[in-house]
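The block underneath contains the structure these notes are about, expressed in structure tokens.
The values are calculated or read from the model by the stated rules, or taken from the named source; none is laboratory data. Keep in mind that this is a model prediction, so the values were computed, not measured. Glycine also receives a Cβ, built like all others from the backbone with ideal geometry; neighbour counts cover every protein chain displayed. Accessible surface is based on the protein model in full, side chains and every heavy atom, while ligands, DNA and RNA are left aside. Shrake-Rupley method; radii C 1.70, N 1.55, O 1.52, S 1.80 Å.
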Amino acid sequence: MELKDKLVSSFMAFEDTVDVNLPVHEVRSKAIKDFENLGFPSKKLESWKYTSLSKLLKSDYSVFPKNESSLEFKEVKKYFIHEIDSYKIVFIDGIYSSHLSETSHEGLDVCLMSAALSKPKYKIIIDNYFNKIAKTDGLTALNTAFSREGAFINIPRGKVVEKPIQILHFSTGNESSLLLQPRNLIVVGENAHVQIIERHQSLTDNPVLTNSVTEIFANKRAIVDYYKIQNDRQSASLIDNTFISQQQNSHALVHTFSLGGNVTRNNLQFFHKGEYLDSTLKGVTIIGDKQHVDHSTLVHHATPNCESHQDYKGIYADRSTGVFNGQIIVEKEAQKTNGFQQNNNILIDDTATINAKPQLEIFADDVKCSHGCTIGQLDDEAMFYLKSRGIPEKEARALLMYAFANNVLESVKIPEVKQRINKLIAMKLGVNLGFDL
Amino acid sequence: MLKIENLHANVEGKEILKGINLDVKPGEVHAIMGPNGSGKSTLASVIAGNEDFEITEGSVLLEGEELNELAPEERAHKGVFLSFQYPVEIPGVTVTNFLKTAINETRKAKGLEEMPANEMLKKIREKSELLEIDRKFLSRSLNEGFSGGEKKRNEIFQMAMLEPKLAILDETDSGLDIDALKIVANGVNRLKNDENAVVVITHYQRLLDYIVPDFVHVLLNGKIVKSGGKELALELEEKGYDWIKQEATV
């Protein structure tokens, strides 16, 4: 059976496992119909022109894991930013692991989507926020239809959350191939601050496909600082759909570090609902070995006096493919918009490919929008300069690649995250330069 | 120290060096002068191992060992240093981290342990004082936004840190005001000893007032056409290069 048919037909079985009397179930029922109509995106769609899912969809995925699996902290410690005190929401094969998690209801909610969807005290929040900004494309609809578990984070007005929140998804390989569909909702109240780190990690070579949807609401003057660490195995693919709605004077920053995995697609979309807010999107992509990373971003400027900054750096080697599709829409009302987009790419050898497509649609007349896109190789002159100082070829290349990616790392606010990324990059480049940039 | 024998070199198929001979002994300072386009910078690049240039004939020897086939970093490990005429800007790498990498990679190549951090710091402090370099400068990105003078001073600072056997200073005086020139020259003189050697490549005599050469060579159209003592530089300053050109054609 095709995956699409299998999913549609398993919806009934899914209904046996959830409370169908909750209002959210109407949303799910509508979503499965949408998915039935839309299906998976194909390369015929302009927005999926450079990323094909067809190979991925051939696996016979388990939609619901049969067995609950457990993991000991020491087995997976290295995937946590364990040097810092943090809240943790951890899932193993899509199922919440209370053993590895550290949730809270004291002055904020760092807990589970399943609780938020079912408990009366969260009803208002769910009514107001759940599935309100997620786009109705096939993949998001699919996730909505099966939405049951994920992270639920609710930061009340004025709360400055001192500890970062880590969301981790492990897949154990106990299923021969697994489809995961986490659904996250993050609501950040007025003047509240929060830092979130998200990671998906497969622990074996059994195929995993994750279709994740995250909705984030930043209310007035809220600050949301989000880090996505993508360094998964060759057997793991990720479709990350993240939608962010911002109210006036809010700041939302998303850093995406794409350092590994089979196919990774990041749909990252920002919607402006107030004035004087800013959105920051930064990414470092370093891949090789036939890997594929697609960053499809959208910043929708619908209100005046807002700013957006996009800066994506990519280094591609060995038959890998990158996609940068950066869309900025400036509506007629969005005067005095300042929209900035930068995408720089280095192709290490001639087997690597980058498809870069800046897309600016501007309907207002008093705006500052700029975009720059470069594709190049490492600078020969700089290489000679470094080598003439005794730095060998490999280290010199690594140094230049570090330098190239560095300005994206500069804005990482959690030192331990920065350190970890530095380490991952060094490992990726196979060098030890003995310092952090 | 450095021996160059009948060196011919091409860039993009065009012959730039047409049979250079040069013998630099330990403890000596040589100046290579010549008009624009005579091949001065090419000579510097070829000695340092720039792969844009192809050696078609002859050889470059350092302490008797041929360098022709060695990569730039291998030459650096053996003690060759080139102070660039146009140092490259490398945003994202601080001066300090760059130097640490350069020093430790050189040590690694020699089978030595990394330099201990406190020793490194001490050395950085000592050498930056020698070149009157501000501490803030060390945490800036390498050459990025540096003035011409800062770039050149940074080159000599790197030389001080790396302690090469053979230093080639390619137009180190260009872009320097008189005060910076004195600082740079003083730095070079302080680093000079009986075991190392310096080749100063320059267009003008000015730098040679401060770094006094033992020998002066005139490079013209890819060949050394005249050699002499330091007084030759003064003569060139006074009379220009035309008389040498005439002499050479005769």
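Calculated FRET efficiency, A:Glu46 and A:Thr374, Cβ-Cβ r, R0 22 Å, to nearest 0.05? Kindly include the intermediate steps, with their values, before the conclusion.
Working: r = 23 Å, r/R0 = 1.06.
The calculated FRET efficiency here is 0.40.
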> Carbon-plus-sulfur fraction of the accessible area of region B:1-159, 1.4 Å probe, in percent?
Replying inline: 45 percent
>> Compute a Gaussian network model of chain A, connecting alpha carbons closer than 10 Å, and tell me which residue from A:Phe340, A:Phe146, A:Phe91 fluctuates the most.
In response: A:Phe340
> What total accessible area, in Å², is buried where chains A and B meet, using a 1.4 Å probe and rounding to the nearest 100?
Replying inline: 2200 Å²
>> Can you tell me what share of the DSSP beta bridges in chain B is antiparallel? A percent to the nearest 5 is fine.
In response: 60 percent
> For chain A, what class follows from the C-alpha gyration tensor (a ≥ b ≥ c being the square roots of its eigenvalues): rounded when a/c is under 1.5, otherwise prolate if a/b is larger than b/c, else oblate?
Replying inline: rounded
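Can you pull out the trypsin sites (Lys or Arg not before Pro) in region B:92-144 that DSSP calls coil and that have at most 14 other Cβ atoms within 10 Å? Walk me through the numbers on the way to the answer.
Details: sites: B:Lys100, B:Arg107, B:Lys108, B:Lys110, B:Lys122, B:Lys123, B:Arg125, B:Lys127, B:Arg135, B:Lys136, B:Arg140; in loops: B:Lys110, B:Arg140.
Hits after loop and neighbour filter: B:Lys110.
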>> Distance between the C-alpha centers of region A:251-277 and region A:388-421? Whole Å please.
In response: 22 Å
> Rounded to the nearest 500, what is the protein assembly as shown's calculated 222 nm mean residue ellipticity when only DSSP H runs of at least 4 contribute -39500 (n - 2.57) each, over all residues?
Replying inline: -8000 deg cm²/dmol
> Quick one: Karplus J couplings for region B:29-34, per residue in order, coefficients 6.51, -1.76, 1.60, θ = phi - 60°, nearest Hz, x for Gly and Pro?
Replying inline: 10, 10, 10, 10, 10, x
> In region A:251-297, with Lys and Arg counted as +1 and Asp and Glu as -1 at Cβ, which of these residues, A:Ile287, A:Val263, A:Thr297, has the Cα nearest the positive end of the dipole, that is, farthest along it?
Replying inline: A:Val263
> Using a 1.4 Å probe, what is the accessible area per residue for region B:137-250, in Å²?
Replying inline: 44 Å²
> Using a Gaussian network for chain A with springs between C-alpha atoms less than 10 Å apart, which of these wobbles most: A:Cys111, A:Cys306, A:Cys373?
Replying inline: A:Cys373
> Say we join alpha carbon atoms closer than 10 Å with springs in a Gaussian network model of chain A; which of A:Glu331, A:Glu361, A:Glu175 then has the biggest fluctuation?
Replying inline: A:Glu361
>> I need to check one value: relative contact order of region B:2-249, counting alpha carbon pairs closer than 8 Å and at least 6 residues apart, in percent.
In response: 28 percent
>> Antiparallel versus total DSSP beta bridges in region A:3-274: what percent is that, nearest 5?
In response: 10 percent
> When only DSSP loop residues count, what GluC sites (Glu not before Pro) in region A:1-94 have their Cβ near at most 13 other Cβ atoms within 10 Å?
Replying inline: A:Glu2, A:Glu68, A:Glu72, A:Glu83
> If you find the alpha carbon centre of region B:166-198 and of region A:151-201, how far apart are they in angstrom?
Replying inline: 58 Å
> Say R0 is 35 Å: what FRET efficiency, to the nearest 0.05, do A:Ala115 and A:Lys30 get from their beta-carbon distance?
Replying inline: 0.95
>> Based on alpha-carbon centroids, what's the gap between region B:4-26 and region A:91-128 in Å, whole number please?
In response: 74 Å
>> Under 5 Å between amide hydrogens, which residues at least 5 positions from A:Val187 or on another chain qualify, with H placed 1.01 Å from N in the peptide plane?
In response: A:Ile153, A:Asn154, A:Ile155, A:Phe217
>> I need the GluC sites (Glu not before Pro) found in region A:186-276, filtered to DSSP loop residues with at most 14 other beta carbons within 10 Å of theirs.
In response: A:Glu275
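Mean separation of Cα pairs under 8 Å and 6+ residues apart, divided by the residue count of chain A: what relative contact order is that in percent?
Details: 1097 pairs, mean separation 41.4, N = 437.
It comes to 9 percent, rounded to a whole number.
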